[in-house]
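Asker: I'd like to ask you about the structure that follows.
The values are calculated or read from the model by the stated rules, or taken from the named source; none is laboratory data. None of these values were measured; they are calculated from a predicted model. Note: ideal-geometry Cβ built from the backbone for every residue, glycine included; neighbour counts use all protein chains shown.
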Amino acid sequence: MENHLQQRLYQPQKLLEDLRDTEAQQFRTAVKYLLEDKEGRLELEGTAVDLGEIRKQTLQSPGVNRSLLLITLERCFQLLGSLECVDVLGKVLRGSSASLLQPDITDRLPGDLGEDAFKNLSAVFRDLYDRTSAHAQGALYAWMAARLRTPSNATDDSASWVSAEDLWILGRYMVHLSLEEIMKISPTEMGLFISYDNATKQLDTVYDLTPELARAFLERIGASDFDLRNTSTVHRQVGLGPGSGTLGHPPRLGLLVCFYDDLELLDAATARVLLHQMIKCSRLWGFQAAVRKLKAELLDIATENQTLNETLGSLSDAIVGLTHSQLDSLSPEAVHGAISTLNQVSGWAKSQVVLLSAKYLAHEGPSSNVSQMGVLLAGVGAQAFHDMEQRGLVQVLRSAVSPHGCSLSPVQQQGVLSKIMEAGDSASGIAEIQGAFFKEVSLFDLRREPRFNETVVRGKELRRAQALFLYELLSRTTGRPEVLLSTGQLVKGVTCAHIDAMSADSFLAHFRLFENNLGLLSPGQVNCLAWKHWEVSRSSMPPFLLAALPARYLASVPASQCVPLLISLGKSHLDALVLDSHKKNVVLRKVQQCLNDAIADEYTVDIVRNLLCHLPAAIIHHGVSPRAWATALHGLRGCPDLSPEQKAAVRLRLLEHCGHPQNWTAEMIKDMGPFLALFSGDELSSVATKFPDILQQTASEMAGTLPPKEFLWAVFESVRNSSERGPSADPSPGCQGVVAPSSDDIFRLAEANACWAPEALLCMGEDVFIRNVELLGAVRGFSRPQLTALKEKAVQVWDTPSHWREHHILSLGRIALAFNESELGQLGLSAIDTVASLSQQTEWTLGQAKSILQGFLEDSGSCIQDLKSFHLVGLGATLCAMNATEIALIKVAEFRAVVARIGSLVCSTHVLAEFKKKAEAVFGNPTEWSSSVLQELGTVAAGLTKEELRMLDKDLMPYFQPLAIRCLPDEIFKGLRRGGS
């Protein structure tokens with residue numbers, strides 16, 4: 001029975017055939033046992049069957065959920081009650097990671113569903129809204145609407161069929177109602193809906209709401225008895241919704257408030273209420289520029305006849321829109337009094353947080369209580385952390401497990417750690433350090449503390465060097481591998497020697513611990529696991545491990561085992577499994593052979609999963625069947641690094657599937673997602689004209705990437721065409737007739753701001769620049785002339801660089817790259833956090849980096865030998881501008897605390913050679929280095945000479961970081977390869 005089940009899990013289409021042929025009573029029993037939540041065993045003729053394990057394997061097997069969905073639609077409603085079958089559908093759909101909800105599902109649903117079954121199934125569709133394609137959303141809405149539009153409520157075209165209960169049943173699908181239909185909704189029904197206890201919860205989730213739809217709903221609400229201007233009715237519950245049992249007091253409008261536009265005669269109190277509700281508007285999938293504008297208008301109303309100091313705590317997250325000068329004008333008392341609001345607001349720029357935290361600490365004095373600072377903690381300087389008393393440091397360490405602690409920069413974290421290590425009892429100090437903060441603890445400090453146990457490590461994030469050391473240390477005192485392998489991230493430190501030393505029984509008993517933490521393992525560790533498994537139990541070896549062995553092992557897999565191989569590889573991440581490109585090609589050739597160069601249907605897509613991202617362009621273009629394309633497209637959208645050839649194939653396939661861009665629908669464009677960037681400017685022109693909002697939203701979802709220039713130009717033209725502004729009002733020479741960017745333009749354009757001409761940037765208004773300098777400094781595509789124009793604008797607005805304060809410099813981002821060495825020398829660089837913000841840029845010339853380094857030393861009154869560990873972290877890439885004499889002056893005690901950070905820098909060979917000498921002072925002669933030391937050193941290890949590299953134990957070579965290998969001079973690297981061969 002187990003073998004039969006295993007075979008069917010690998011052959012989901014045959015499982016479907018089995019279930020089609022099963023007689024009615026057996027089918028009912030199968031559905032009952034397969035999808036009930038009960039655990040336990042079933043006795044069948046003396047054989048115990050573990051139902052829980054069968055259910056788990058079944059629902060997690062690729063393709064099985066698809067078969068269960070199809071058979072439920074085909075047979076369940078004929079043989080079981082509709083409520084039971086809807087429950088089955090819910091379990092199958094919710095339990096699947098695949099995209100099972102396709103548009104044609106509505107054709108398979110029975111037309112005579114009972115009312116309760118319909119409501120329950122609608123609830124399933126609502127829950128899966130975010131995982132459903134736009135095309136399928138449209139089909140599901142049409143099915144739900146057709147069911148709700150009964151003959152009794154659809155007789156009169158002037159009246160709407162939509163009742164209050166219909167809106168509740170539609171849930172997030174209410175945004176698919178047409179504007180005309182919304183405007184016909186009875187005020188009585190709309191008033192009843194908005195009074196439901198769960199109306200706010202529902203309206204809080206309509207993330208794809210548009211301004212037009214929101215205003216239509218607001219108009220109908222306003223036409224009812226619901227008073228939008230009365231703050232008591234905006235906040236208070238006035239009725240019960242379907243299925244609700246208690247009265248509540250939530251805000252009433254949900255995300256509709258994000259588009260509230262009746263501001264005439266609005267009083268300050270109501271404006272503050274609306275601002276409070278608008279905190280949730282960041283969840284909207286688009287239209288953030290409109291939200292930002294509305295918040296600014298409400299902010300002006302909310303502060304009428306009152307100062308910012310008086311109203312600061314009641315302005316919600318709209319205070320993010322305050323300028324530097326407005327924040328600077330706040331009193332320390334006002335900031336302290338509003339801390340419960342300020343410490344929860346998201347969206348602050350670093351420069352704003354620096355200003356506010358300084359105000360708060362000024363009020364608190366020397367014994368500052370930082371536990372209340374929340375997000376403002378990120379504005380405290382590294383030196384201030386280092387100067388704190390022990391009580392304050394403990395509060396910072398406790399905050400490290402919160403999101404606010406994670407927002408501390410490396411230089412700030414090192415400021416805290418350096419003080420803890422100076423305090424004396426470093427073991428107890430290290431034990432206090434939690435979460436991601438622990439990754440900053442140096443290997444040297446760990447090696448000084450032999451009193452660690454596995455409990456101390458639990459819950460901490462580890463660098464691989466830390467894990468290598470700690471696993472070796474703890475394995476001497478803990479004889480049970482399962483304890484170490486299940487302790488946090490210690491598995492990162494397992495070496496081939498540890499794996500080889502495990503007995504066959506122990507290895508097989510604990511292999512699941514390795515498998516569950518596959519994402520933490522390096523390709524080298526996976527390779528050792530593969531050899532060990534091959535040695536002790538080839539028959540039970542997970543097929544994906546074959547990819548880590550020499551090519552002949554994978555080639556020997558027979559065709560009968562192709563499906564298990566594809567499923568196993570599809571669940572893993574090939575790039576993390578195999579680094580060598582030649583070997584990866586061998587793996588992919590086997591995959592293509594197993595697939596017969598084709599994706600035949602949706603089941604194949606389910607099976608290959610992550611392998612989709614690696615299929616050659618030819619298969620994407622010609623091998624994916626039309627039946628499988630929609631499911632494959634959903635999977636391809638999640639691929640992070642498709643090659644140009646793969647992208648070109650996707651583009652051609654989309655054109656074949658969707659036709660000419662002029663004929664594309666909104667649903668088509670939404671389902672393309674990031675692939676919209678693959679099309680030319682001419683192809684995108686009709687999209688920009690017909691669907692500018694979707695185009696702009698797609699661009700905003702691509703934040704952090706650098707889309708093609710033609711795509712950015714399409715976004716740019718789309719925003720410009722919908723923007724209301726005239727020529728620049730700047731009286732400066734050369735600005736007459738120039739169309740300069742507005743705040744709204746800059747916010748909406750994001751990376752497409754790179755399309756502005758330098759003269760347009762130079763001619764932007766002073767207020768526009770002040771409010772958007774951080775956004776402009778984050779644009780990756782600006783050219784040197786554009787950056788120069790922005791630098792000149794900064795000088796126009798803020799005066800010469802010598803007059804700038806820390807928050808000015810922090811807000812520059814990439815604009816700082818336009819400063820020459822002399823101009824960089826004028827900046828006030830006495831604070832290491834300011835220098836750290838500059839060193840984050842990776843495009844400095846050696847001369848610019850040297851100027852920043854010298855500026856810090858001069859402005860802080862420091863010498864090289866005075867530099868603390870957190871200074872070294874903050875200087876970052878500017879350390880690469882040091883000469884041999886300067887590097888020699890760095891104190892070993894400070895260097896050893898941050899050697900891992902220095903080992904992440906890509907410096908010249910001679911600079912790395914000098915840092916290597918420093919490393920010898922910490923860890924001894926290179927012949928004495930261990931795997932953890934080599935891993936800790938990172939690129940510093942590339943400073944080893946050819947002779948020193950040859951003397952290293954060959955077993956240590958896997959612990960060279962890839963970045964360090966790339967930093968090796970070509971002649972040394974080639975010599976090593978010849979020696980190794």
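Asker: Which ones in the range 455-476 are aliphatic (A, V, I, L, M) and over 12 Å from HIS498 (Cβ atoms)? I'd like the intermediate steps shown before the answer.
Answerer: Step one: list which residues in the range 455-476 are aliphatic (A, V, I, L, M), which gives 456-457, 462, 465, 467-468, 470, 473-474.
Scanning the range 455-476 gives VAL456, VAL457, LEU462, ALA465, LEU470, LEU473.
Asker: Moving on to the next point. Scan the range 528-556 and report the pairs whose first residue is in a loop (DSSP other than H, G, I, E, B) and whose second residue is among the charged types (D, E, K, R), with Cβ atoms within less than 8 Å and a gap of 6+ or a chain change.
Answerer: Close Cβ pairs (under 8 Å, with a partner that is among the charged types (D, E, K, R)) amount to PRO542/GLU515.
Asker: Counting just the residues of the range 734-785 that are among the β-branched types (Val, Ile, Thr) and not in a helix (DSSP H, G or I), which one comes out nearest to PRO707 (Cα to Cα)?
Answerer: VAL779
Asker: May I ask you to say which residue of GLU461, GLU440 is at pLDDT 85 or above, in contact with a strand residue (DSSP E or B) (Cβ under 8 Å, 6 or more places away or on another chain) and acidic (Asp, Glu)?
Answerer: GLU461
Asker: Examine the range 928-941 for a residue that is on the phi > 0 side of the Ramachandran plot and either at pLDDT 95 or above or of a type in the set (Gly, Ala, Ser) (or both), and state whether such a residue exists.
Answerer: Yes, because at least one residue in the range 928-941 is on the phi > 0 side of the Ramachandran plot and either at pLDDT 95 or above or of a type in the set (Gly, Ala, Ser) (or both).
Asker: Scanning the range 731-786 for residues that are touching a helix residue (DSSP H, G or I) at 6+ places or on another chain (Cβ under 8 Å) and on the phi > 0 side of the Ramachandran plot, which turns out modelled with the highest pLDDT?
Answerer: ALA750
Asker: For the range 831-849, enumerate the residues that are assigned to a helix (DSSP H, G or I) and acidic (Asp, Glu).
Answerer: ASP833
Asker: Let me ask something else. Restricted to the range 213-233, and to residues that are among the acidic types (Asp, Glu) and modelled with pLDDT under 90, which residue is surrounded by the most Cβ atoms within 10 Å (Cβ to Cβ)?
Answerer: Among those residues, the one meeting the criterion is ASP225.
Asker: Is at least one residue of the range 534-546 more than 15 Å from ILE499 (Cβ to Cβ) and of a type in the set (A, V, I, L, M, F, W, C)?
Answerer: yes
Asker: Any idea which of (1) surrounded by 15 or more Cβ atoms within 10 Å (Cβ to Cβ); (2) in a helix (DSSP H, G or I); (3) modelled with pLDDT of 90 or more is the one GLU333 doesn't satisfy?
Answerer: Result: GLU333 passes all but (1).
Asker: Here are the criteria: (1) farther than 27 Å from PRO626 by Cα; (2) buried (at least 17 other Cβ atoms within 10 Å of the Cβ); (3) more than 27 Å from the chain's Cα centre (by Cα); (4) not β-branched (Val, Ile, Thr). Tell me which single one GLU751 does not satisfy.
Answerer: Among (1) farther than 27 Å from PRO626 by Cα; (2) buried (at least 17 other Cβ atoms within 10 Å of the Cβ); (3) more than 27 Å from the chain's Cα centre (by Cα); (4) not β-branched (Val, Ile, Thr), GLU751 violates only (3).
Asker: While we're on this one: Since VAL835 meets every condition but one in (1) free of Cβ contacts under 8 Å to residues at least 24 places away in the same chain; (2) touching a Phe, Trp or Tyr at 6+ places or on another chain (Cβ under 7 Å), which condition does it not meet?
Answerer: (1)
Asker: Kindly indicate whether any position in the range 814-830 is among the acidic types (Asp, Glu), assigned to a helix (DSSP H, G or I), farther than 29 Å from ALA750 by Cβ and out of contact with any helix residue (DSSP H, G or I) (no Cβ under 8 Å at 6 or more places or on another chain). Steps first, answer last, please.
Answerer: Filtering the range 814-830 for residues among the acidic types (Asp, Glu) gives 821, 823.
Remaining after also requiring assigned to a helix (DSSP H, G or I): 821, 823.
Adding the requirement that they be farther than 29 Å from ALA750 by Cβ leaves 821.
Going one step further and asking which of them are out of contact with any helix residue (DSSP H, G or I) (no Cβ under 8 Å at 6 or more places or on another chain), we end up with none.
Within the range 814-830, not a single residue is among the acidic types (Asp, Glu), assigned to a helix (DSSP H, G or I), farther than 29 Å from ALA750 by Cβ and out of contact with any helix residue (DSSP H, G or I) (no Cβ under 8 Å at 6 or more places or on another chain).
Asker: Here's another thing I want to ask about it. Tally up the residues in the range 105-132 that are surrounded by fewer than 14 Cβ atoms within 10 Å (Cβ to Cβ), at pLDDT 90 or above and acidic (Asp, Glu), please.
Answerer: Result for the range 105-132: 4.
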